[in-house]
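Worksheet: the structure to be examined is printed underneath.
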Amino acid sequence: MRAFLLLLLLAAPPPAPAAGRGIAVRVYSLHKTASVMVEPANGGIVAGGRTIGGRRRVSARGSAVVLEGASAAGPSKSLRFTGALWLSGKGLPRRLYRGELVVTAQKNLLKIINNVPLETYLAGVVSGEAGDLSHPEAYKAQAVTARTYTVKHLRNHAGEGYNMCDSTHCQLYTGLGEVSARARAASEATLGEMLLYKGEPAAAFYHSVCGGRTEDMTYVWPYEYKPYLVSVRDGPPGLPYCSIAPGFRWKTRIYFTGLTRLARRAGWLVADEEASGLRISAWGVSGRAAELEIQTQRRKVRVPATDFYHGVGRRAGWQAVRSSYFKLLPGRDYVLLDGIGSGHGVGMCQWGAEGMARKGFKYRQVLRHYYPGTEVGVHD
Ligand SMILES: [Zn+2]
Ligand SMILES: [Zn+2]
């Protein structure tokens, strides 16, 4: 009987945070840092049970943390801060956090976790993700997708003691210093709402600019398929909803010398191989490149377009190849990528949502357009 109960307890999924619940986000997750400055944003903050009024340094000492200066505390296993505070430090962007901050250390490096209400976190995420958009209905669509994405990915870092990191690995979250009134209003107006497919939270992928047609998920992530992540035309032919996006069209020149370097580092080419040509060898339903072929002195190497896009992104900057929606125009020692759109093309087109909103569509209509067969509802 006891064993059965224990099994039940082990098998029980973690509770999903509905509205009012909290989320644990690791902040500065891409930085390795041994110390951080903590500063109350308004009045005092409580640190380890006492109030501090000014800027203090928190440092890692092995696997312990120390609060330095007046009302010093530690070394202890963890330090807990409550109240609005600014974090900053050498090499760290200055950021505002609310809720609770728990600081621990491992091998002289800090691990900082922000426990924050889900809706507060979302307002921060939406401010970052929808920063260039302006229409309230586009913000609402973004709030619903970001909330759904969050709830679906709460176990991303389950083994590490928090739900999500603050980088694009999970969802970009740069704190609450630049939360816009629009983002806050959109998360409040859609409180608890998620994108549901057959009553369950959907995989709410989104991207910046589709370029006129979104892509089937399966051409971007082979072997993955969702019936609502299929290619849809983004507005009337010749005048896509997202054509209002800045940088809708782009051109990038890729020299074969650079391509050779990139392809060797990615393991697509061996050390003595030189790239001498690049062509598209397969297309997705939207017309995006699905596969590319690199020509060398002795063979043709096929590379999934997604890997190419990520490979170039990592090594040459995300702005170099903004999407896999491009034509290739050959040059003497280079190819010219003549492209449209930005991002992977799956799910909601953020600038298309803005375009639809400006034409009078409501956020539920926007979401139905990009995720056919889904509905918006509260999931508990
Ligand atoms: Zn992550
Ligand atoms: Zn679009």
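Every number in this text was worked out from the coordinates using simple rules, so none of it is lab data. Note that the structure is a prediction, hence the values are computed from the model and not measured. Note that each Cβ is placed from the backbone with ideal geometry, even for glycine, and that neighbours are counted across all protein chains shown.
Below are the figures for this structure:
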| read-out | value |
| --- | --- |
| Of all DSSP beta bridges in region 204-300, antiparallel share, percent nearest 5 | 100 |
| Rounded, prolate or oblate (a/c below 1.5 giving rounded, otherwise prolate when a/b exceeds b/c) for region 298-380 by Cα gyration tensor | prolate |
| Partner lysines for K226 [C-alpha distance under 27 Å; skip if fewer than 8 residues away on the same chain] | K140, K152, K198, K362 |
| Highest-fluctuation residue, N115, N42, N156 considered, GNM on the chain with Cα pairs under 10 Å | N42 |
| The chain: calculated mean residue ellipticity at 222 nm from DSSP helix runs of at least 4, using -39500 (n - 2.57) | -7000 deg cm²/dmol |
| Prolate/oblate/rounded call for region 22-116, Cα gyration tensor, a/c under 1.5 rounded | rounded |
| GNM flexibility winner over the chain from H169, H207, H153 (Cα, springs under 10 Å) | H169 |
| The chain: projected area of the alpha-carbon convex hull, averaged over directions, in nm² | 23.3 |
| Among C210, C165, C349: highest mean-square fluctuation, GNM of the chain, C-alpha pairs under 10 Å | C165 |
| Test item: Cα-centred dipole of the chain, Lys/Arg +1 and Asp/Glu -1 on Cβ, debye | 780 |
| Bridge type composition, the chain - antiparallel percent by DSSP, nearest 5 | 95 |
| Separation between Cα centres of region 318-342 and region 155-186, rounded to whole Å | 32 |
| Qualifying aspartates and glutamates (Cα of each under 18 Å from Cα of K327; at least 8 residues distant if same chain) | E215, E291, E293, D307, D338 |
| Set of lysines near K107 by C-alpha distance (under 29 Å), chain-local residues within fewer than 8 positions excluded | K32, K77, K90 |
